[in-house]
Amino acid sequence: MKKTIFVDFDGTITKVDTCAAMVEAFAAEGWKEINEKWERKELSTQECANRTFQLFRAGIDDIAGLMEKMEIDHFFKQFLSVCREKGYKVFVLSDGYDFCIEAVFKKYDIEALYYANKMVYDQGFKIECSHFNESCGNCGTCKTKLMTALKEQGSQAVYIGDGYSDTCPAMHADVVFAKGDLYNYCLEKGIKTIRYETFADILAYIA
């Protein structure tokens, strides 16, 4: 069966969450309380990010330097190659920031279609959410809406993720690969899922 594959970015393609790395490196005190409200869905991604950005003590060059230190899953590029050989479309869906994705993809010479929030810098940071779902309002980038729109007709929707923003699309995918908070969520909700540690585990399924 043909597959359309959707992949989270932070903590899935990257070894660590780039958004969390930015906050830990550059935000003043108070960000943990903001993040906890986001996890409880009391704040949208856009509200959470923009409040947190107000605590930042950094410029765009500082963010770029941090992204240079980010590492990806050792097997991700091989995973992309196998998907292309088999004709499977791969889309990266992120509730993080385009600047981070582009910096990491450039570092590792990766070409992949992605959808994410736009990070804007003008004497301070903010995000713009062009893939927002007004009927829900939680995530800046509605992965479920994108997955529905991008899924190739007659194909199997495969979702790969690890965190809170992956919980909704996981409920709508045909096959789910999960780790971290997403895996625990799937267990709690009775969502059939395949646990993975690296993309080597997923390669065995794809191949």
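Mean sequence separation of contacting Cα pairs (under 8 Å, at least six apart), scaled by the length of the chain, corresponds to a relative contact order of 25 percent.
In debye to the nearest 20, how big a dipole does the stretch 119-184 give about its Cα centre with +1 on each Lys and Arg Cβ and -1 on each Asp and Glu Cβ? Numbers along the way, then the final one.
Working: 5 positive and 8 negative charges, 13 e Å.
It comes to approximately 60 debye.
In terms of the ratio Rg/(2.2 N^0.38 Å) built on C-alpha atoms, what value belongs to the stretch 81-142?
Numbers: Rg = 14.0 Å, N = 62, 2.2 N^0.38 = 10.6 Å.
Normalised by 2.2 N^0.38 Å, the Cα Rg of the stretch 81-142 equals 1.33.
When restricted to Cα atoms, the chain yields an Rg and a Dmax of 16.5, 50 Å, respectively. Size descriptors for the stretch 102-207: radius of gyration and Dmax over Cα atoms are 15.5, 47 Å.
The stretch 67-107 and the stretch 112-147 have Cα centres spaced 18 Å apart. Computed over the alpha-carbon atoms, the stretch 1-84 gives an Rg to Rh ratio of 1.07, Rh here being the Kirkwood radius from the mean inverse distance.
In the chain, the longest principal axis of the Cα atoms and the axis of helix 98-108 are about 60 degrees apart.
Of the GluC sites (Glu not before Pro) found in the stretch 120-204, the ones in coil according to DSSP and having at most 12 other Cβ atoms within 10 Å of their Cβ are Glu134, Glu197. Listed values for the stretch 170-182 are Karplus-derived 3J(HN,Hα) couplings in whole Hz (6.51 cos²θ - 1.76 cosθ + 1.60, θ = phi - 60°), namely 4, 6, 10, 8, 7, 9, 10, 10, 9, 8, x, 4, 5, and x replaces Gly and Pro. Each Lys and Arg adds +1 at its Cβ and each Asp and Glu adds -1 at its Cβ; summed about the Cα centre, the stretch 18-148 shows a dipole of about 420 debye.
Ranking Gly96, Gly11, Cys136 by how far each Cα lies toward the positive end of the dipole of the chain (charges on Cβ) leaves Cys136 at the top. Dipole size of the stretch 1-51 about its Cα centre, with +1 on Lys/Arg Cβ and -1 on Asp/Glu Cβ: approximately 360 debye, rounded to the nearest 20. Go through Trp38, Met147, Leu66 and say which Cα lies farthest out towards the positive end of the charge dipole of the stretch 1-155; charges sit on Cβ, +1 for Lys and Arg, -1 for Asp and Glu. Of Trp38, Met147, Leu66, it is Met147. Accessible surface ranking for Asp174, Asp73, 1.4 angstrom probe, highest first: Asp174, Asp73.
The values are calculated or read from the model by the stated rules, or taken from the named source; none is laboratory data. Everything quoted here is computed from the prediction, not taken from an experiment. Neighbour counts are summed over all protein chains in view; Cβ atoms, including those assigned to glycine, are modelled from backbone coordinates with ideal geometry. Only protein heavy atoms, including side chains, enter the accessible area calculation; ligands, DNA and RNA are left aside. Shrake-Rupley method; radii C 1.70, N 1.55, O 1.52, S 1.80 Å.
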